[in-house]
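Enquirer: Structure in structure tokens, see below.
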Amino acid sequence: MIVTPSQIDVTFMALADPTRRAILARLARGELGVVELAEPFAMSQPAISKHLKVLERAGLVSRSRDAQRRPVKFEPARLEATMQWLDEFQRNLSARYARLDTLLEEMKAAESRKPRRRSRHGTRDGR
């Protein structure tokens with residue numbers, strides 16, 4: 001799954017809230033109903049439902065209907081795709097830092113090969 005920049009934005013926005021991260025952590029162990037999800041939180045079922053809507057828009061959870069119960073299920077594909085994007089971002093960043101390190105080493109080596117000038121006081125470079 002390839003994620004677009006707007007999907008990444010929505011995913012990070014959804015993950016920015018500690019309650020939503022806690023909900024995902026609970027759902028990672030298995031699907032739960034909204035009432036069950038609300039139990040450990042000091043908030044109403046409608047407030048939990050608002051959090052679930054954000055997670056659902058981000059593609060991180062899905063809801064279905066099972067008779068009277070509305071189970072909520074963790075959908076790992078979007079999170080996995082976002083993690084792949086982060087891994088690629090980190091690889092690109094590491095490659096840039098490696099190129100910068102190489103350039104700095106080359107500059108240091110070139111600087112050390114330069115002849116030092118004598119100052120008017122008879123010392124090299126004023127040292």
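The values are calculated or read from the model by the stated rules, or taken from the named source; none is laboratory data. The structure displayed is predicted, hence computed values, not measured ones. Positions of Cβ are generated from backbone atoms using ideal geometry, with glycine treated the same way; all protein chains shown enter the neighbour counts.
Enquirer: Scan segment 104-119 and report the pairs whose first residue is hydroxyl-bearing (Ser, Thr, Tyr) and whose second residue is at pLDDT below 90, with Cβ atoms within less than 7 Å and a gap of 6+ or a chain change.
Expert: Ser119/Asp125; Ser119/Gly126
Enquirer: Leu52 versus (1) under 14 Å from Pro76 (Cβ atoms); (2) surrounded by 13 or more Cβ atoms within 10 Å (Cβ to Cβ): which is the lone unmet condition?
Expert: The failed condition is (1).
Enquirer: Suppose we keep only residues that are part of a helix (DSSP H, G or I) and touching a residue at least 12 places away in the same chain (Cβ under 8 Å) within segment 41-75. Which one would you say is nearest to the chain's Cα centre (by Cα)?
Expert: If we take residues in segment 41-75 being part of a helix (DSSP H, G or I) and touching a residue at least 12 places away in the same chain (Cβ under 8 Å), then Leu55 is nearest to the chain's Cα centre (by Cα).
Enquirer: Looking only at residues in segment 19-40 that are within 12 Å of Arg69 (Cα to Cα) and not in a helix (DSSP H, G or I), which one is modelled with the lowest pLDDT?
Expert: Taking segment 19-40 first, the residues within 12 Å of Arg69 (Cα to Cα) are 31-36.
From what's left, not in a helix (DSSP H, G or I): 31-33.
Values: Glu31: 92, Leu32: 92, Gly33: 89.
Across segment 19-40, the extreme among qualifying residues is Gly33.
Enquirer: Output the residues belonging to segment 76-96 that are touching a residue at least 40 places away in the same chain (Cβ under 8 Å) and either loosely packed, with under 10 Cβ neighbours inside 10 Å or of a type in the set (Gly, Ala, Ser) (or both).
Expert: Ala77, Ala81
Enquirer: Quick check on my filter: what residues within segment 1-18 are in a helix (DSSP H, G or I) and over 15 Å from Arg78 (Cα atoms)?
Expert: Of everything in segment 1-18, just one residue is in a helix (DSSP H, G or I) and over 15 Å from Arg78 (Cα atoms), namely Pro18.
Enquirer: What residue, among those in segment 22-42 that are surrounded by fewer than 13 Cβ atoms within 10 Å (Cβ to Cβ) and in contact with a helix residue (DSSP H, G or I) (Cβ under 9 Å, 6 or more places away or on another chain), is farthest from Val61 (Cα to Cα)? Before the answer, list the steps.
Expert: In the first step, residues of segment 22-42 are kept if they are surrounded by fewer than 13 Cβ atoms within 10 Å (Cβ to Cβ); the result is 25, 28-30, 35, 39-40, 42.
Filter once more, so that each one left must be in contact with a helix residue (DSSP H, G or I) (Cβ under 9 Å, 6 or more places away or on another chain): 28, 35, 40.
Numbers: Ala28: 10, Val35: 16, Pro40: 19 Å.
Among those that are surrounded by fewer than 13 Cβ atoms within 10 Å (Cβ to Cβ) and in contact with a helix residue (DSSP H, G or I) (Cβ under 9 Å, 6 or more places away or on another chain), it is Pro40.
Enquirer: What residue, of Arg113, Arg117, is at pLDDT below 90 and in contact with a strand residue (DSSP E or B) (Cβ under 9 Å, 6 or more places away or on another chain)?
Expert: One residue alone meets the criteria, Arg117.
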